[in-house]
Amino acid sequence: MQIVLIQTVNTFFKLLEFLILARVILSWIPLGRNNALVQMLYILTEPILSPIRSLLDKSPLGGMMLDFSAWFAMILLYFVQMILINIVLGLF
């Protein structure tokens, strides 16, 4: 049971990382926001990236031309993943 829960947590977070990375890569390709794939990626990743972006806007990094929210989101997701795995390990 423990292995199944850990694999589920890992799969979920890998999927989130993949979606964020795909959004970053697609932001460099001029597909436009009307593309169905781009819209799906924005719908799935914006709830994660938007709060981070608003925090970065208030920081000294906020005035930069590059959007670091995806990078910070992936780091934050990694830490949340490790916390959840440790919780699962502590339960069993």
* Does LEU89 qualify as being among the aliphatic types (A, V, I, L, M), in a loop (DSSP other than H, G, I, E, B) and surrounded by fewer than 16 Cβ atoms within 10 Å (Cβ to Cβ)? -> no
* Can you tell me which residues in segment 1-43 are farther than 19 Å from LEU91 by Cβ, of a type outside the set (Gly, Ala, Ser) and assigned to a loop (DSSP other than H, G, I, E, B)? -> TRP28, ILE29, PRO30, LEU31, ARG33, ASN34, ASN35
* Consider LEU56 carefully, then state whether it is touching a helix residue (DSSP H, G or I) at 6+ places or on another chain (Cβ under 8 Å), surrounded by 14 or more Cβ atoms within 10 Å (Cβ to Cβ) and either over 30 Å from ILE6 (Cα atoms) or not β-branched (Val, Ile, Thr) (or both). => yes
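Values quoted throughout were computed directly from the atomic coordinates according to the rules given, and no laboratory measurement underlies them. Just so you know, these numbers come straight off a predicted model, no measurement behind them. Neighbour counts run over all protein chains shown; Cβ positions are idealised from the backbone, glycine included.
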